[in-house]
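S.K.: The structure that follows is given in the form of structure tokens.
The values are calculated or read from the model by the stated rules, or taken from the named source; none is laboratory data. These figures come from a predicted structure and were not determined experimentally. Methodologically, a virtual Cβ is constructed for each residue, glycine included, from the backbone with ideal geometry; neighbour enumeration extends over all protein chains shown.
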Amino acid sequence: MLANNFSKNNTVYIVTFSNEEPFYKLNQNINHIKLNLLKESKNKIESFKNSLYRLSILKKTLKEIDADINISFMIFTNLISVIASKLNRQKIVISERIVYDFYNSKTLYLLRKIIYPFADLLITQTYADKKNYTFMKNVEVIYNPLELPTTQKNREKIIFAVGRFEKQKGFDKLIEAFSKIDSIGWRLCIAGDGVEKENLQNQMERLNLSNVELIGKRKDIFEWYAKSSIFVLSSQKEGFPNVLLEAMGSGCACISFDCPNGPSEIIKNGINGILVENQNIEQLVFQMQRLVSDEDLRERFGSEAIKVKEKYSIEKIADEWKLLLEKIYKG
């Protein structure tokens, strides 16, 4: 989304280590360079060699492009991009997309503290995460943009959730909570896939839940937001929960665990949604039952939630990026 916006008045290159097509459709004037360097490593020595090779190819590619500013996303790419850019004497802005302690790796903590300070700017997604980067001189917060297609559906009695089927996403807790509410006429639909799928299916069978559906990865995800009445974010931790933002922008009444990081910066508790103590299943049960039983409350939260579309519009967020990039460029 940002690249498409930037490309209106700038020459934009996107460099990826994979050879896959991007999830979002890119404007035709964007140059997408696929390095195809995601070779699997069998051990630490091979991993180190592969990283050095990626660094050398990236350094060469960035030098050939010779951009005014390089922008990198995600920790592993950030580390290599900072080194490559500084070896080329180029300006580099890095952005973190996950919570600071997501990997819980002492090696990554150390590498970040050594390498990140060489970047010209670090952008985090939340103010809570910014506090972790006290070793950086130049850190700013810019939220993710929200861009939704126009989709109109009649609201159905659906409680919706989206994400990878991993322990961190807490779908087992969501299913447990759903099993404890009076859910006659309601369905819990969870979109996604992953390693926890079999465990979730076994849990559904054990609880004898015929009104819970794992609907897989969806290309029509925005239609599901539009027809769902309630959205629940059950994660243990997040970087910045885009799915929560998308659900709110689609007018769903939203409940979220108050996990680190993001939900408390998006939801104004009791105004445009509900925050629940992180991983407190009984509180989640109570709030889910509250919304299931009160259509007026769902509509009130939904009508307030949809206002996030203005605060997180692509135009507003892109302008924030451009302002900071201009400062770095002139710098």
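S.K.: Counting only residues that are over 21 Å from Arg155 (Cβ atoms) and under 12 Å from the mean Cα position of the chain (by Cα), how many does segment 236-266 have?
M.R.: Number satisfying all stated conditions: 9.
S.K.: Just name the residue that is nearest to Asp182 (Cα to Cα) out of those in segment 276-304 that are of a type in the set (Val, Ile, Thr) and touching a residue at least 60 places away in the same chain (Cβ under 8 Å). Steps first, please.
M.R.: Restricting attention to segment 276-304, the residues satisfying the condition of being of a type in the set (Val, Ile, Thr) are 276, 281, 285, 292.
Those still in the list that are touching a residue at least 60 places away in the same chain (Cβ under 8 Å) too: 281, 285, 292.
Numbers: Ile281: 15, Val285: 10, Val292: 8 Å.
Only one residue tops the list, namely Val292.
S.K.: While we're looking at this one, here's another question. Taking Arg89 as the residue in question, decide whether it is among the basic types (Lys, Arg), at pLDDT 95 or above and under 18 Å from the mean Cα position of the chain (by Cα). Give the steps one after another, and end with the answer.
M.R.: On the way: among the basic types (Lys, Arg): yes; at pLDDT 95 or above: yes; under 18 Å from the mean Cα position of the chain (by Cα): no.
Criteria not met by Arg89.
S.K.: Just to be sure before I move on: is Ser235 in contact (Cβ under 8 Å) with a residue 60 or more places away in the chain and either out of contact with any Lys or Arg (no Cβ under 8 Å at 6 or more places or on another chain) or crowded, with 21+ Cβ neighbours inside 10 Å (or both) in the structure I sent? Lay out the reasoning, then the answer.
M.R.: On the way: in contact (Cβ under 8 Å) with a residue 60 or more places away in the chain: yes; either out of contact with any Lys or Arg (no Cβ under 8 Å at 6 or more places or on another chain) or crowded, with 21+ Cβ neighbours inside 10 Å (or both): yes.
Spelling it out, Ser235 is indeed in contact (Cβ under 8 Å) with a residue 60 or more places away in the chain and either out of contact with any Lys or Arg (no Cβ under 8 Å at 6 or more places or on another chain) or crowded, with 21+ Cβ neighbours inside 10 Å (or both).
S.K.: So, one more: If a residue counts only when it is surrounded by fewer than 18 Cβ atoms within 10 Å (Cβ to Cβ), which strands (runs of 3 or more DSSP E) contained entirely in segment 24-124 have at least 2 such residues? Write out each step before concluding.
M.R.: Values: elements: 31-34, 70-73, 92-95, 121-124.
Result: 31-34.
Here is a yes/no grid of residues against (1) of a type in the set (Lys, Arg); (2) within 20 Å of Gly331 (Cβ to Cβ); (3) in contact (Cβ under 8 Å) with a residue 12 or more places away in the chain:
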site	(1), (2), (3)
Phe48	no, no, no
Arg54	yes, no, yes
Thr61	no, no, yes
Asn70	no, yes, yes
Thr77	no, no, yes
Glu96	no, no, yes
Lys106	yes, no, no
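S.K.: While we're looking at this one, here's another question. For residues in segment 202-216 being under 25 Å from the mean Cα position of the chain (by Cα) and either closer than 19 Å to Ser183 by Cα or outside the structural domain of Ser179 (by TED's automatic domain parsing) (or both), which is surrounded by the fewest Cβ atoms within 10 Å (Cβ to Cβ)? Can you show your working first?
M.R.: Kept after step one, since they are under 25 Å from the mean Cα position of the chain (by Cα), are these residues of segment 202-216: 212-216.
Add one more test, that the residue is either closer than 19 Å to Ser183 by Cα or outside the structural domain of Ser179 (by TED's automatic domain parsing) (or both), and what stays is 212-215.
Numbers: Val212: 21, Glu213: 14, Leu214: 17, Ile215: 16.
Ranking the candidates gives Glu213 first.
S.K.: For segment 125-159, name all the residues that are among the charged types (D, E, K, R) and not in a loop (DSSP other than H, G, I, E, B). Spell out how you get there, then give the answer.
M.R.: Narrowing segment 125-159 to residues among the charged types (D, E, K, R): 129-131, 137, 140, 147, 153, 155-157.
The answer is Asp129, Lys130, Glu140, Glu156, Lys157.
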